[in-house]
Amino acid sequence: MQAKDLSETVCRVCGRDDGSLLWDRHGVPQYVICDCCGIESGLGDDQLSKVRENRGHWVAQGAPWDVPKNRPAGWDVLRQLSAVPAEWR
Ligand SMILES: [Zn+2]
């Protein structure tokens with residue numbers, strides 16, 4: 001039997017998905033810094049309480065992009081947040 005694929009490309013904190021592998025298929029963090037919320041996978045998103053705290057902090061600041069040039073035109077923070085996986089809300 002094949003092990004369940006645990007790979008994740010959707011940021012647990014902000015819902016951004018640019019295709020970068022944040023957690024690999026074995027559930028190992030890749031320590032990738034999200035270009036939207038600036039949170040690093042494996043550091044700022046390994047516990048639900050931390051995910052919520054970082055998200056709240058980020059939103060409270062006005063949801064600034066860590067790499068502003070990658071922000072798409074017409075970007076909608078609420079729409080993106082709706083992409084956060086259910087277990088990380
Ligand atoms: Zn993010």
- Tally up the carbon and sulfur contribution to the accessible surface of segment 1-71 as a whole percent, 1.4 Å probe, everything protein left in place. 51
- Under 17 Å from the 7 Å Cα→Cβ point of Gln2, by amide nitrogen: which residues of segment 13-41? 24-27
- Message: Charges at C-beta only: +1 for Lys and Arg, -1 for Asp and Glu. How large is the resulting dipole of the chain about its Cα centre, in Debye rounded to 20?
- Response: 220
- Item | Residues Arg25 and Gln61, FRET efficiency given R0 of 22 Å [Cβ-Cβ distance, rounded to 0.05] | 0.10
- Mean 1/r over distinct Cα pairs of the chain, inverted to a Kirkwood Rh in Å, yields 13.2
- Task: For helix 48-60, report the angle its Cα long axis makes with the longest principal axis of the Cα atoms of the chain; keep it between 0 and 90° and round to the nearest 10°.
- Result: 20
- Task: Check each of the chymotrypsin sites (Phe, Trp or Tyr not before Pro) in segment 37-89 and keep only those in coil by DSSP with at most 13 other C-beta atoms within 10 angstrom; list them in order.
- Result: Trp75
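The values are calculated or read from the model by the stated rules, or taken from the named source; none is laboratory data. As the structure is a computational prediction, the values presented were derived from the model and not from experiment. Positions of Cβ are generated from backbone atoms using ideal geometry, with glycine treated the same way; all protein chains shown enter the neighbour counts. The protein model used for the area step is the full one, side chains on, heavy atoms only, and it has no ligands, DNA or RNA in it. Shrake-Rupley method; radii C 1.70, N 1.55, O 1.52, S 1.80 Å.
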